[in-house]
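> I am attaching a structure below and will ask some questions about it afterwards.
The values are calculated or read from the model by the stated rules, or taken from the named source; none is laboratory data. It should be emphasised that the depicted structure is a prediction, and the values quoted were computed from it without experimental measurement. Methodologically, a virtual Cβ is constructed for each residue, glycine included, from the backbone with ideal geometry; neighbour enumeration extends over all protein chains shown. All accessible areas refer to the heavy atoms of the entire protein, side chains included, with ligands and DNA or RNA removed. Shrake-Rupley method; radii C 1.70, N 1.55, O 1.52, S 1.80 Å.
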Amino acid sequence: MLVEIALVATIVLVGVVAGNEIGTLVVIHPALDRVPYASGRPAAQAVVARFGRVMPVLMPITIAVTFVTALVLDGTPSVLLLLAGAALVAMLIVTFAGLMPLNTSQLGADETTPADEWYGWRARWLRLHAVRVVCDLAALVLVAVAAVVR
């Protein structure tokens with residue numbers, strides 16, 4: 001029973017992370033980029049700041065639960081969860097190495113920041129975020145397959 005609970009927790013956590021990342025990629029940030037710069041910049045900053053309080057807790061917990069669940073399983077499901085954990089670690093590397101410095105730049109922007117500079121940061125951020133989404137989706141698929149083959 002404990003193994004099943006761990007597997008369900010992994011599915012839920014990876015699903016929440018992946019769903020959040022997909023939603024920000026295809027809904028939130030494209031909408032924010034259609035708002036005029038004078039109001040879109042502070043709105044995007046508010047979104048980035050809020051995620052900056054939630055995701056640093058959710059991401060490592062999700063990674064830890066994925067690896068712990070891999071350790072309590074055996075065979076193919078365990079290997080799939082280890083691969084899912086590796087995909088999530090790759091997502092975290094992209095976050096720390098690429099996205100967090102851009103978040104710092106974006107959060108430090110103000111009304112004197114030129115729009116072209118802002119949109120340059122945003123374009124780089126969105127490209128890196130798309131890489132992060134691929135990692136999250138890979139993890140979600142691997143976790144789902146692990147649950148099915150179990």
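> Pulled fully out, how much extra length does the chain show between residue 1 and residue 116, if you take 0.36 nm times their separation in residues and subtract their Cα-Cα distance?
Contour length minus the Cα-Cα distance gives 35.9 nm.
> A further question follows. Which number comes out as Rg/Rh for the range 34-150 once both Rg and the Kirkwood Rh are worked out on C-alpha atoms?
We get a ratio of 1.11 for the range 34-150.
> When the chain is modelled as a GNM with alpha-carbon springs shorter than 10 Å, which of 122, 41, 53 fluctuates the most?
It is 53.
> Considering every pair of different Cα atoms, what Kirkwood radius, in Å, is found for the range 72-117?
13.3 Å
> While we're looking at this one, here's another question. How high is the FRET efficiency between residue 12 and residue 104 when r is their beta carbon distance and R₀ equals 30 Å, given to the nearest 0.05?
0.45
> Using the Kyte-Doolittle scale, which helices in the chain average at least -0.5 and also have C-alpha atoms spread 20 Å or more along the helix axis, with helices defined as whole DSSP H runs?
Counting only whole DSSP H runs, the qualifying helices are 2-23, 37-72, 75-94, 115-149.
> Counting only residues 5 or more places away or on other chains, whose amide H sits under 5 Å from the amide H of residue 33 once H atoms are built in the peptide plane?
Here nothing satisfies the definition.
> Could you state the accessible area per residue of the chain in Å², with a 1.4 Å probe and every protein chain left in place?
51 Å²
> In nanometres, what is the gap between the two model label sites at residue 74 and residue 31, each 7 Å from Cα along Cα-to-Cβ?
4.9 nm
> Please report, as a whole percent, how much of the solvent-accessible surface of the chain comes from carbon and sulfur atoms (probe radius 1.4 Å).
With neighbouring chains kept in place, the figure for the chain is 75 percent.
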